Amino acid sequence: SEPQPETALEEANEEDLAEALILAAEDAQLVVTETDSRGNIDDAIGWYNMGINLLGEGKNDEAISSFEKAIGGCPPSEIELKVKSQNGRGNALYNSGRYSESVVAYHTAIGMDPQSVTGRTLFNMGSSYAAVEMFDDAIKCFTQAIERGLEKQESELCEKQISRCRLLSREQAKRQPRTNS
């Protein structure tokens with residue numbers, strides 16, 4: 001019998017996410033070792049602003065590069081700029097269809113300063129999880145996004161996404177092969 005494509009896809013997504021996490025950790029180490037320990041805040045702000053502009057123009061690959069330069073050149077004490085740059089990087093990765101990597105970027109931002117996480121960041125992370133068919137994680141993100149204060153229209157969109165993900169999660173569970181131990 002032929003393998004079920006859905007199962008293969010889910011396994012690949014989990015492997016992709018694990019690989020993306022490892023690569024992101026290696027990239028983060030690389031950035032830290034290559035950067036002058038003081039960093040230059042003006043340059044970092046310039047790269048961040050350029051990344052935002054490129055993101056707005058739909059130039060995602062260039063935006064990713066700019067955000068990475070902002071992160072790498074940012075002084076260690078400038079957590080807020082690093083968090084914003086990671087979130088921008090996550091958005092650009094998402095727009096490029098690199099969903100597993102975008103989840104890693106959002107997680108990195110949240111890990112740097114959990115108190116600063118916005119509803120919009122959690123919504124974006126939920127969208128990335130949904131794109132890689134990790135619906136239960138997506139639901140958690142969307143639920144937390146609503147709790148973090150979104151505008152009415154954004155909250156309604158979150159509610160719709162939660163409903164969709166619950167439905168997709170149930171469908172996914174039906175497709176899972178039953179294993180007897």
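The values are calculated or read from the model by the stated rules, or taken from the named source; none is laboratory data. Bear in mind that the values here come from a model prediction, so they are computed numbers and not experimental data. Here Cβ is always computed from backbone atoms with ideal geometry, including for glycine, and neighbour counts include all displayed protein chains. Accessible surface is based on the protein model in full, side chains and every heavy atom, while ligands, DNA and RNA are left aside. Shrake-Rupley method; radii C 1.70, N 1.55, O 1.52, S 1.80 Å.
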Handout entry: Number of the condition not met by Ala92 [criteria: (1) closer than 23 Å to Arg148 by Cα; (2) touching a Leu at 6+ places or on another chain (Cβ under 8 Å); (3) modelled with pLDDT under 95]
Key = (3)
Fill in the blank from the handout: With criteria (1) open to solvent by 80 Å² or more (accessible area, probe 1.4 Å); (2) within 20 Å of Tyr94 (Cβ to Cβ); (3) at pLDDT below 95, Lys174 comes up short on (2)
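Yes/no per residue for (1) of a type outside the set (Asp, Glu); (2) within 26 Å of Ile71 (Cα to Cα):
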site	(1), (2)
Asp113	no, yes
Phe142	yes, no
Glu154	no, no
Leu157	yes, no
Leu167	yes, no
Gln172	yes, no
Completion exercise
Exactly one of Gly111, Gly119 is open to solvent by less than 20 Å² (accessible area, probe 1.4 Å), at pLDDT 90 or above and either of a type in the set (Gly, Ala, Ser) or touching a Lys or Arg at 6+ places or on another chain (Cβ under 6 Å) (or both), and that one is Gly119
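Restricting attention to the stretch 26-38, does a residue exist that is part of a helix (DSSP H, G or I), modelled with pLDDT under 95, within 30 Å of Phe135 (Cβ to Cβ) and of a type in the set (D, E, K, R)? Step through it out loud before you land on a result.
Quick first cut of the stretch 26-38, residues part of a helix (DSSP H, G or I) only: 26-34.
Within this subset, residues satisfying the condition of being modelled with pLDDT under 95 are 26-34.
Cutting the leftovers down to within 30 Å of Phe135 (Cβ to Cβ) gives us 26-28.
Checking which are of a type in the set (D, E, K, R) leaves us with 26-27.
Within the stretch 26-38, one or more residues are part of a helix (DSSP H, G or I), modelled with pLDDT under 95, within 30 Å of Phe135 (Cβ to Cβ) and of a type in the set (D, E, K, R).
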Exercise for the section: Exactly one condition in (1) more than 25 Å from Ile162 (Cα to Cα); (2) crowded, with 21+ Cβ neighbours inside 10 Å; (3) not small (Gly, Ala, Ser) is not met by Pro75; state its number. Expected result: (2)
